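One structure is given below, encoded as structure tokens.
Just so it is clear, none of the values below were taken in a lab; they were calculated from the coordinates. It should be emphasised that the depicted structure is a prediction, and the values quoted were computed from it without experimental measurement. When we count neighbours, we look across all protein chains shown, and the Cβ atoms used for this are built from the backbone with ideal geometry, even at glycine.
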Amino acid sequence: MTDNTAADDGWFAGVDADDLESAAMAVRDGSAEGPRDWPALALEAGFAADKDEYYDALRAATTAATRRDVTEREAADDRQLVHAVRAMDDCTRTANELAERLAEWAGTVDPAAGTGVDYARELATRDEIEPGQEPLVSLAERVVALADEAEDLREYVDRQTPTVAPNLAALAEPVLAARLISLAGGLESLAKKPSGTVQVLGAEDALFAHLRGHAPSPKHGIIFTHDAVRGTHPDERGSAARAVAGKLAIAARVDHYSGDRKTELDAELADRIETIQARTDDESAGGDGGDDDE
């Protein structure tokens, strides 16, 4: 539907009332300068016999249009990345929790019981097991399978993230980049967020506690795992987190709106972090590092 046809024939101009696909396309792609008496126009154009029929057709068309939009969105590369990194984290968490349960159980019957996924892997591959330990071995095999699945998903994320968000993957490494996209709800959503929001993604509980007056403002969220933040002295970590978040926000916008690789972002962040980290060295040597308000 165009503005002119809308004015003449209504929202479903030229659409057969029985053609749900065309009606859905009219909803998805159509536009008009302003509201009109669309039911009356539809009746005049013969699209519907009465208003009830018109609204039934409108409901069916909007539902079909929404379903198609959701399907296309979920099939997008960044959404596939979101599902992959969430599944990876679920597999890792579940494997670790089951490994703890296995270690607690095995400690009652296995003199050589260890801890963690490594013990589960060792138990699952033993040539001989004691009678009655079959359930332990079965559980160990499932722990190993989950841990291996998590590793396979990590490899997928490592491969896929640079194709979806090349600048973000280069600045943050693929897994952290994927987690930021996941926390934001998609690359487009991340690209629209200010750097201050990117800085505290993953620290929502701490942020809400701060807003209620129960805790100090968080300096960083998941970007703490970034080498530039984690490797900076605690006194300067807030400055490092701001610098990293600022560049990541720019990288996300470039990735979403153009997809071009901007290697200068890497160099700019490296220079900024070097300056921030040098303050600690200066202070250790008796110098004055100054303040950072960036």
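Annotations
- A protection proxy built from the mean count of other Cβ atoms within 10 Å ranks the segments 125-132, 91-98, most packed first, as 91-98, 125-132.
- Working note: Karplus 6.51/-1.76/1.60 with θ = phi - 60° gives the stretch 219-234 the couplings 7, 6, x, 5, 5, 4, 6, 5, 4, 5, 7, 5, x, 9, 3, x Hz, where Gly and Pro are set to x.
- For the stretch 77-164, the Cα-based Rg and Dmax, in that order, read 15.6, 51 Å.
- Qualifying lysines (Cα of each under 19 Å from Cα of Lys193; at least 8 residues distant if same chain): Lys219, Lys247
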